[in-house]
Structure formats: structure tokens, C-alpha cells
Amino acid sequence: MFSKETYTGRRAELKRMVGKGMVILFGNNEAPYNYAANCYAPMRQDSTFLYYFGQHRDGLVGVIDIDNDEEWLFGDDISVEDIVWMGFTPSVSDLASEVGVTHTAPLVALRKLCDNATAGKRMIHFLPPYRHDTMIQIMDLLGVAPSQQRDAASKELIRAVVKMRSKKEPQEIAAIERACDVGYEMHTTAQRLIRPGVTERYIGGQVDGIARSLANGTSFATIFSQHGEIMHGAPSDAKLEAGRLALCDAGCELDDYCSDHTRTMPISGKFSQRQLEIYSIVEACHDYVLEVAKPGVRYMDVHFAVCRMMTERLKELGLMRGDTDEAVRAGAHAMFLPHGLGHMMGMDVHDMENLDQKNVGFDEETSPNLEQFGTNCLRMGRRLEEGFVVTDEPGIYFIPALIDEWKEKGHCKEFLNFDMLETYKDFGGIRIEDDVLITKDGCRFLGTKRIPYHAN
């Protein structure tokens with residue numbers, strides 16, 4: 001938690017930006033495995049609620065009444081029975097006082113506040129929900145059916161939240177740096193453990209253990225696999241095999257902020273010549289971002305600059321051919337890079353994506369291209385600003401099913417050497433990822449320690 005002044009200042013700015021009406025921010029509730037007292041742990045608070053109200057306890061709802069200049073924290077105080085099982089928790093009024101909120105009331109009182117606002121035809125702002133219990137709350141309080149809630153969510157509130165959360169304050173950057181330092185421990189642990197015969201699950205479990213020991217846990221489900229061509233490959237019971245590559249994509253959450261890194265390593269300890277050729281391309285693309293990403297540059301343009309570099313280098317190997325600009329324009333590079341260069345990162349590892357990626361990674365100037373394979377997965381395209389934190393994660397993947405489909409259809413055949421691609425079907429995939437802060441004049445990687453990634 002930051003200072004009381006941080007949260008009072010954020011709420012004041014939100015009121016100014018939204019302008020009128022009443023803002024309701026729902027905190028998260030516990031999520032049971034199979035009955036109320038057996039919950040997934042630890043509970044993860046909603047990030048936007050945390051950003052403005054700072055409290056981690058379940059069952060809270062924050063209200064910012066702009067018209068009446070009032071702020072409320074709604075929630076029920078815990079019972080003695082709760083204390084027996086879970087320990088002491090401060091009262092709702094004490095929690096409110098910690099973040100500068102004056103008014104508190106039991107959760108049941110929120111209905112009357114909403115009913116009065118509805119009767120007065122006041123504007124009630126809420127964000128698009130992503131949990132079904134929140135959808136039920138919205139339906140009960142505001143009478144909006146779950147199927148209609150995303151459309152009914154406040155555009156003014158979404159725009160204000162995205163604008164505020166996109167530019168990270170110095171204390172937020174410091175928190176991300178701390179998370180990145182735990183990420184260093186996670187990835188270097190994996191690097192030390194990788195050798196033939198060890199299972200993917202064992203190394204994935206050790207990586208997760210570091211996150212749980214040194215931080216709040218992982219920021220997303222750890223990806224650790226010899227099948228790097230599978231974007232979200234979960235650790236399996238498979239034993240690591242000599243001669244193959246192991247890809248580890250993992251991060252932690254610490255002090256409400258995330259890290260997200262990827263490294264790809266040779267299981268035998270040394271790249272083969274073919275592996276090194278592909279790895280060197282990904283390495284160069286990853287480092288090139290530091291040269292071109294800066295305030296005022298669209299991240300979509302950084303993405304395509306990387307794609308052109310990748311295409312040029314793949315042409316040197318004979319895997320691609322033809323005019324580079326035409327190949328990228330046609331989307332031929334997506335055979336190898338079917339995702340975007342990166343995404344916003346902060347309190348969520350894919351920051352604010354519950355608010356719809358078109359609102360977070362794009363704007364009126366820069367629209368997503370949802371028609372072209374690969375480009376449709378670009379999550380961040382808008383102009384960069386000082387204080388943005390984005391991921392830099394180029395990769396090259398050889399996906400047998402994709403090779404077969406494009407070859408059969410003749411898709412981009414003028415730019416791709418399918419005969420040579422056939423010989424790479426057993427290659428897997430390579431990705432290198434770090435977290436990048438956009439600075440006044442350029443950008444820099446976050447974290448005080450750099451996870452090794454330069455090929456020896």
C-alpha cells in the first residue's frame with residue numbers, strides 16, 4: 001500500500017476526469033474451490049479497486065459520488081467466528097481511514113445508494129466486469145443483465161482509468177523493479193536446473209516456489225516447455241531431452257505489481273548451429289527495441305520495425321525471400337511471429353486488458369487490424385508516452401500445423417521457402433522477453449539485474 005495521499009489524489013483526479021455521476025468500483029470476493037471456506041488463496045484484489053482504494057480485503061466496494069463530492073467504502077465487518085479461523089482484520093471504517101475515505105457502511109446499504117441514484121436519473125459509472133460474482137452484484141444493484149454489462153460499462157470511466165494507470169508513478173516503477181528482481185531469481189533458478197532428464201513440471205514448480213517465497217506468487221501461470229512453439233505451453237511430466245530447447249516464460253507479483261520475462265535455453269548447455277542462427281535473430285530483434293522505442297513513437301511501428309529486421313535475417317538463412325516490405329505487409333512474417341511485440345504491464349501482467357484491449361493498447365489514431373493473422377494479436381499499438389511500461393518479447397516459432405496449412409493453401413508462398421520450413425518442424429520455438437520503461441528520451445529495461453540471455 002502506498003500513502004493515504006496517493007489514493008486521495010488518484011480519486012480526486014478521477015473525479016475531475018469523469019466529471020459527473022457516481023463511480024462504483026467493485027473489489028473482488030473470495031473464490032471457492034468447492035465450498036465457501038475452501039478458497040483459492042491468496043485472494044487477488046481487483047487492480048483498479050486497488051489503484052484507487054488500496055485495500056486487499058475481500059467483499060469491499062468503493063463509491064466515488066462526484067455530484068455530492070462524497071467517497072464511500074462499503075463492506076461488512078468480520079465476525080468473531082471469522083477471527084477464529086482467519087485472524088483479526090481491521091474494521092471497514094479503519095480500512096477506509098487508511099486511504100482517506102470518510103464514509104463507510106455495510107454492503108447492504110449500497111443498494112439504497114444505487115436506488116437513489118437511479119431514481120434521480122444520475123449517471124452511474126462502472127467498469128466491464130470479468131468475474132461472474134461481480135456480474136451478479138451489478139445485476140442486483142443496477143438491474144443490468146450480465147449479457148449487457150460490457151456494453152453498459154462507462155466509456156468515460158474506462159478512458160479515465162486507462163489514462164491514469166497507463167503512466168506509472170515513480171513508486172509504481174520502483175515496485176515493478178522489485179518484481180523484476182524476483183523474476184531474475186526465478187529465471188536464473190530455471191537456468192541452473194535445466195539439464196537432460198529433469199522434468200518440465202519439476203523446473204516449473206521450482207520457478208513457482210521462488211515466486212511464492214520471495215513475492216506474492218506468480219503473475220500468471222508459468223510457461224515452461226520444450227515445445228516453445230506452443231505460446232502458452234504448461235509444464236508437463238515430460239523429461240528434458242538433450243539437443244532440444246527449453247522456453248521459460250514466468251513472472252511474479254510483488255507489492256501489487258508484476259514482472260514478465262522469457263528466456264530460451266539449450267537443454268544440453270550449448271546451442272547447435274541451427275539453433276544459434278535462429279536465436280541470434282531473436283536476440284537482435286529484442287535488443288533493437290531499445291534503439292527505436294521512445295515517447296511519441298507508435299508501438300505498432302516498433303513492432304513492424306522488428307518484423308522487418310526479422311524478415312531480413314530470415315531471408316539470409318533462406319527461410320524467407322522477396323521484398324521485405326511487401327512480405328511484412330502481406331503478413332508473411334507471422335509464420336514465425338504470430339503474436340505482437342508486447343503489451344502494457346503494471347498491476348496486471350497484461351495491464352488493464354479487462355477494460356478491452358482496444359481501449360488500452362489502441363486509440364482514435366491507431367486501430368487494431370483484426371483481419372490479418374498475427375497482426376490481429378498485436379496488443380499494444382498506440383503512441384508511447386513517458387512512464388509507460390511495455391513488454392519487449394519477439395520470438396521465432398516453427399509450428400508444424402501452421403506450416404502445413406499455409407503450404408497447402410499456398411499462403412504467402414512468394415515470401416516463404418516451404419521446402420526449407422519442412423526441415424524445421426522439429427525445432428520448437430524461441431522467445432526473449434523483458435519489461436521496458438519508456439523514459440523521457442528513450443527506454444530502458446526494468447530490474448536491477450539482467451537475466452542472462454546473450455548467447456555464448
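For this structure, a couple of remarks:
- Scanning the range 388-430 for residues being open to solvent by less than 10 Å² (accessible area, probe 1.4 Å), under 25 Å from residue 266 (Cα atoms) and within 26 Å of the chain's Cα centre (by Cα) gives a total of 10.
- Residue satisfying all of: in the range 56-89; assigned to a loop (DSSP other than H, G, I, E, B) and within 31 Å of the chain's Cα centre (by Cα); surrounded by the most Cβ atoms within 10 Å (Cβ to Cβ) among these: 60
- Selection count where residues are outside any helix (DSSP H, G or I) and surrounded by fewer than 22 Cβ atoms within 10 Å (Cβ to Cβ), scope the range 301-347: 7
- Residue under evaluation residue 100, criteria (1) assigned to a helix (DSSP H, G or I); (2) out of contact with any strand residue (DSSP E or B) (no Cβ under 6 Å at 6 or more places or on another chain), criterion not met: (1)
- Restricting the range 1-32 to residues that are in a helix (DSSP H, G or I) and of a type in the set (Val, Ile, Thr), the residue that is nearest to residue 347 (Cα to Cα): 6
- Within the range 367-387, restricting attention to residues that are among the small types (Gly, Ala, Ser) and without any contact (Cβ under 8 Å) to a residue 60 or more places away in the chain, the residue that is surrounded by the fewest Cβ atoms within 10 Å (Cβ to Cβ) is 367.
- Those residues of the range 348-366 which are in contact (Cβ under 8 Å) with a residue 12 or more places away in the chain and open to solvent by 60 Å² or more (accessible area, probe 1.4 Å), in sequence order: 363, 365
- Total residues in the range 258-274 satisfying the condition of being in a loop (DSSP other than H, G, I, E, B) and open to solvent by 10 Å² or more (accessible area, probe 1.4 Å): the figure is 5.
- Unmet requirement for residue 147, which otherwise passes all of (1) over 21 Å from residue 361 (Cα atoms); (2) small (Gly, Ala, Ser); (3) under 21 Å from the mean Cα position of the chain (by Cα): (3)
- Output for the range 283-296, where each listed residue is assigned to a helix (DSSP H, G or I), in contact with a helix residue (DSSP H, G or I) (Cβ under 8 Å, 6 or more places away or on another chain) and among the aliphatic types (A, V, I, L, M): 284, 289, 292
- When the range 153-168 is filtered for residues that are among the basic types (Lys, Arg), touching a residue at least 24 places away in the same chain (Cβ under 8 Å) and open to solvent by 50 Å² or more (accessible area, probe 1.4 Å), the ones remaining, listed by number, are 159, 163, 167.
- Test: residue in the range 57-71 that is free of Cβ contacts under 8 Å to residues at least 24 places away in the same chain, of a type outside the set (Phe, Trp, Tyr) and farther than 16 Å from residue 21 by Cβ: no
- Residues (crowded, with 24+ Cβ neighbours inside 10 Å, part of a strand (DSSP E or B) and not acidic (Asp, Glu)) located in the range 226-257: 245, 246, 247, 248, 250, 252, 257
- Flag if residue 280 is among the hydroxyl-bearing types (Ser, Thr, Tyr), farther than 26 Å from residue 386 by Cα, assigned to a loop (DSSP other than H, G, I, E, B) and open to solvent by 30 Å² or more (accessible area, probe 1.4 Å): no
- If you check 228, 217, 183, 233 for being touching a His at 6+ places or on another chain (Cβ under 9 Å) and touching a residue at least 60 places away in the same chain (Cβ under 8 Å), only one passes: 183.
- Residues of the range 190-206 that are in a helix (DSSP H, G or I) and either touching a residue at least 60 places away in the same chain (Cβ under 8 Å) or touching a Cys at 6+ places or on another chain (Cβ under 7 Å) (or both): 190, 191.
- Residue satisfying all of: in the range 169-198; of a type in the set (Asp, Glu) and either farther than 16 Å from residue 215 by Cβ or out of contact with any helix residue (DSSP H, G or I) (no Cβ under 7 Å at 6 or more places or on another chain) (or both); surrounded by the most Cβ atoms within 10 Å (Cβ to Cβ) among these: 172
The values are calculated or read from the model by the stated rules, or taken from the named source; none is laboratory data. These figures come from a predicted structure and were not determined experimentally. We place every Cβ from the backbone using ideal geometry, glycine too, and count neighbours over all the protein chains shown. In case anyone asks, the SASA skips ligands and DNA or RNA and just uses the protein heavy atoms, side chains included. Shrake-Rupley method; radii C 1.70, N 1.55, O 1.52, S 1.80 Å.
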